[in-house]
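Take a look at the structure below.
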Amino acid sequence: MTTTWTPSARQRDRDAYRRGRTRRSVLVSAASTVVLVGAVVLVTVTSPGWARVQASFFDPRVAWTALPDVATGLWLNVRVWLAASALMLVFGLLLAVLRTSRSPVLWPVRALATGYIDLFRGTPMIIVLYLVLFGVPGLRLQGTPQSQAVLGTIALTMTYSAYVAEVLRAGIESIHPSQRAAARSLGLSNTQTMRFVVLPQAVRRVVPPLLNDVVSLQKDAGLISVGGTILDAIRYAQIQTSETASFTPYVVAGVLFVLISIPLTRFTDHIARRNGYTFTGGRA
Amino acid sequence: MTGEPLLQVQALRKVYGRTVVLDGLDLDVDAHDVVVLIGASGSGKSTLLRCIDLLEDVDDGAVLLEGRDVTDPRVDADAVRARMGIVFQSFNLFPHLTVLDNVTLAPRKVHGIARDVAEDKALAMLDRVGLRDRAGAHPDQLSGGQQQRVAIARALVNDPVLMLFDEVTSALDPELVGEVLGMLKELKTEGMTMLVATHEMGFARQVADSVCFLDGGRVLESGPPEQVLGDPVEDRTRRFLRRIIEAGRL
Ligand SMILES: Nc1ncnc2c1ncn2[C@@H]1O[C@H](COP(=O)(O)OP(=O)(O)OP(=O)(O)O)[C@@H](O)[C@H]1O
Ligand SMILES: [Mg+2]
């Protein structure tokens, strides 16, 4: 474009009006926030039980002493979370592909995959953790890992693979059959059609729910502390709590978990909101 | 070469649930001929093309390509499909791939051609359909007519011995129909064997070597276009053509 454009008087007037409105709403929301927060703080700290509540949950000194240990433990939770995330995506994908395969040779595997998914989607995470953390070492089998962190990662992967498989299956089944027909008509085999045409589109479609599972796995990585000998954030918090008789260390651990999850949650929201998630359409 | 037709459809039967769509259909297509399929909506044109391309299992009868029964379950269906090209009414491009990747997918994965060779070939083909400059675009950035031309390039790049077209212009705006039909005419001059389902009677008149009217799961009437479209023998053909004329398409 080469024409120079200067806004008309009418447009300048509109812009000025809009700017005025924006300034006013910023002021109003700032004022209302200050009033509300002030009121909440005032009511809380002047209430009769506040001293006890603070000692139990929000003792700054206890928080400060607990922080180094809890943070150290958190690093273990983070590693377990990342390892289990990677593993669950791999196994979830495998389960989803097996479950949606149509080859008669794979019938038994397909039935197995379906059974696995039903079983692990329905079993509470905590039961799987108990079974793996305490049951497996009790077997004294050769080659089974003894580290509770590794066993915990395995347990998390077992359950979450089932969730991921279902999400991916929904994605695979959402791809219109005409896409398969087009791929097959070019001579692509069933496997090639899956690999190059169906899966890439399916995965793109289910990125938001997959990220939700990753976020949820991050929280559940804290459950490995039930193993008892694992020194993760929650186990450290437990130890500190028993020493100080304040629950503040748990609050510290909780806050740290939240802080880690926030960026990922925001990212998930951003992806989910980005509508017109391009290049995944597929016309009938 | 013998005088044997390139494609022979023999007593083909296809049933969906209780609907008998193809009921012992016979059809021959000679090499380098253009055969146009006409018939009412639901008469089974798409089904026939899908059966020929082995995208559907047939319930009886046979499809012979160069004299060989390709509906025999012992035949490698992927290899047969790789030798035929089909273009659909709704384009069915792969939305996650660029135009160039849409066209090179089969050459690279099915025919094992190296990427750079496949891309050269694909670009030459896109040049032919007038879309070389859109090679890097994604399908949803193209107009319907452009998408359909990419779909044609994607099928042609595999050097098929037979091309199947299923109402390739009926999803297009009128001004885009010409650009796609023009491509088909050009293909005919190059000697491509084609089986074309269409409602474009003008195209059928100009390009077809023979026209087949599908009705009741069979080819009810077939012959040169001037005869089938101009002076049909069968009552039902006449009625079908009258309806088409009333709809303003002749
Ligand atoms: N997958 C399917 N399952 C069940 N019935 C089907 C299926 N595909 C097609 N049919 C039926 O088969 C018949 C023929 O359909 P087909 O699409 O071949 O017709 P057509 O001649 O191509 O029609 P049109 O001109 O509208 O494209 C129709 O009655 C249709 O409902
Ligand atoms: Mg049709």
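The values are calculated or read from the model by the stated rules, or taken from the named source; none is laboratory data. Keep in mind the model is a prediction, meaning the values are calculated, not measured. Neighbour counts run over all protein chains shown; Cβ positions are idealised from the backbone, glycine included. Keep in mind that these areas ignore ligands, DNA and RNA; they rest on the heavy atoms of the full protein, side chains included. Shrake-Rupley method; radii C 1.70, N 1.55, O 1.52, S 1.80 Å.
Against the numbered list (1) surrounded by 21 or more Cβ atoms within 10 Å (Cβ to Cβ); (2) more than 14 Å from every other protein chain (Cβ to nearest Cβ); (3) within 13 Å of ligand 1 (Cβ to nearest atom), B:ARG18 comes up short only at (1). I need a count of the residues in segment B:23-37 that are more than 9 Å from ligand 1 (Cβ to nearest atom), touching a Leu at 6+ places or on another chain (Cβ under 7 Å) and of a type in the set (A, V, I, L, M). Counting residues in segment B:23-37 that are more than 9 Å from ligand 1 (Cβ to nearest atom), touching a Leu at 6+ places or on another chain (Cβ under 7 Å) and of a type in the set (A, V, I, L, M) gives 4. All conditions in (1) open to solvent by less than 50 Å² (accessible area, probe 1.4 Å); (2) within 16 Å of ligand 2 (Cβ to nearest atom) hold for B:GLN89, with the sole exception of (1). Scan segment B:58-84 for residues that are within 16 Å of ligand 1 (Cβ to nearest atom) and open to solvent by less than 50 Å² (accessible area, probe 1.4 Å) and jot them down. Residues satisfying the conditions are B:VAL58, B:GLY61, B:VAL63.
Set side by side, the residues B:VAL211, B:VAL207 differ, and just one is in contact (Cβ under 8 Å) with a residue 60 or more places away in the chain and either crowded, with 22+ Cβ neighbours inside 10 Å or polar (S, T, N, Q) (or both), which is B:VAL211. Considering segment B:165-184, the residues that are among the charged types (D, E, K, R) and over 13 Å from the mean Cα position of the chain (by Cα) include one that is modelled with the lowest pLDDT, namely B:GLU175.
Test A:GLY222 against the criterion of being at the interface with chain B (Cβ under 10 Å from one of its Cβ atoms) and of a type in the set (Gly, Ala, Ser), and give yes or no. No: the conditions fail for A:GLY222. B:HIS96 is checked against (1) more than 16 Å from ligand 2 (Cβ to nearest atom); (2) outside any loop (DSSP other than H, G, I, E, B); (3) open to solvent by less than 20 Å² (accessible area, probe 1.4 Å) and fails just one. What number does that condition carry? The single condition B:HIS96 does not satisfy is (2).
Just one of the listed residues (B:LEU54, B:LEU65, B:LEU22) is within 16 Å of ligand 2 (Cβ to nearest atom) and within 26 Å of A:ALA183 (Cβ to Cβ), namely B:LEU22.
Filter segment B:127-145 down to the residues that are within 14 Å of another protein chain (Cβ to nearest Cβ) and either in contact (Cβ under 8 Å) with a residue 24 or more places away in the chain or buried (at least 18 other Cβ atoms within 10 Å of the Cβ) (or both) and list them by number.
Those that are within 14 Å of another protein chain (Cβ to nearest Cβ) and either in contact (Cβ under 8 Å) with a residue 24 or more places away in the chain or buried (at least 18 other Cβ atoms within 10 Å of the Cβ) (or both): B:GLY136, B:ALA137, B:HIS138, B:PRO139, B:ASP140, B:LEU142, B:SER143, B:GLY144.
Applying the set (1) exposed (fewer than 15 other Cβ atoms within 10 Å of the Cβ); (2) in a helix (DSSP H, G or I) to A:ARG102 leaves exactly one unmet item: (2). Pairing each residue of segment B:156-182 that is farther than 16 Å from B:LEU195 by Cα and within 16 Å of ligand 1 (Cβ to nearest atom) with any residue that is open to solvent by 30 Å² or more (accessible area, probe 1.4 Å) and among the basic types (Lys, Arg), provided the two are 6+ apart or on different chains, yields C-beta distances under 9 Å for B:ALA171/A:ARG283.
Yes or no, residue by residue, for (1) within 11 Å of A:ALA165 (Cα to Cα); (2) hydroxyl-bearing (Ser, Thr, Tyr):
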site	(1), (2)
A:SER103	no, yes
A:ARG110	no, no
A:ASP118	yes, no
A:THR123	no, yes
A:TYR130	no, yes
A:ARG140	no, no
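In the set B:GLU221, B:GLU190, B:GLU179, B:GLU186, only one residue is farther than 21 Å from B:ALA106 by Cα, among the acidic types (Asp, Glu) and in contact with a Ser or Thr (Cβ under 6 Å, 6 or more places away or on another chain); that residue is B:GLU221.
Taken together, the residues in segment B:181-200 that are within 16 Å of ligand 2 (Cβ to nearest atom) and either out of contact with any Asp or Glu (no Cβ under 8 Å at 6 or more places or on another chain) or under 25 Å from B:MET125 (Cα atoms) (or both) amount to 5. The set of residues in segment B:45-77 being over 19 Å from B:PHE165 (Cα atoms) and either assigned to a strand (DSSP E or B) or in contact with a Gly (Cβ under 7 Å, 6 or more places away or on another chain) (or both) consists of B:ASP60, B:GLY61, B:ALA62, B:ARG68, B:ASP69. On inspection, A:THR193 fails the criterion of being away from chain B (no Cβ under 14 Å) and open to solvent by less than 40 Å² (accessible area, probe 1.4 Å). Residues of segment B:10-44 that are in a loop (DSSP other than H, G, I, E, B) and either in contact (Cβ under 8 Å) with a residue 12 or more places away in the chain or within 15 Å of the chain's Cα centre (by Cα) (or both): B:ASP30, B:ALA31, B:HIS32, B:ASP33, B:GLY39, B:ALA40, B:SER43, B:GLY44. Residues in segment B:45-57 include at least one that is within 14 Å of chain A (Cβ to nearest Cβ), among the polar types (S, T, N, Q), touching a residue at least 60 places away in the same chain (Cβ under 8 Å) and within 16 Å of ligand 1 (Cβ to nearest atom). Under the condition of being on the phi < 0 side of the Ramachandran plot and in contact (Cβ under 8 Å) with a residue 12 or more places away in the chain, the residues counted in segment B:64-95 number 20. Does B:LEU49 count as modelled with pLDDT of 95 or more, more than 16 Å from ligand 2 (Cβ to nearest atom) and either touching a strand residue (DSSP E or B) at 6+ places or on another chain (Cβ under 7 Å) or open to solvent by 30 Å² or more (accessible area, probe 1.4 Å) (or both)? No; evaluated as a whole, the condition is false for this residue.
Filtering segment B:103-126 to residues that are part of a loop (DSSP other than H, G, I, E, B), surrounded by 18 or more Cβ atoms within 10 Å (Cβ to Cβ) and more than 10 Å from every other protein chain (Cβ to nearest Cβ) leaves only B:ILE113.
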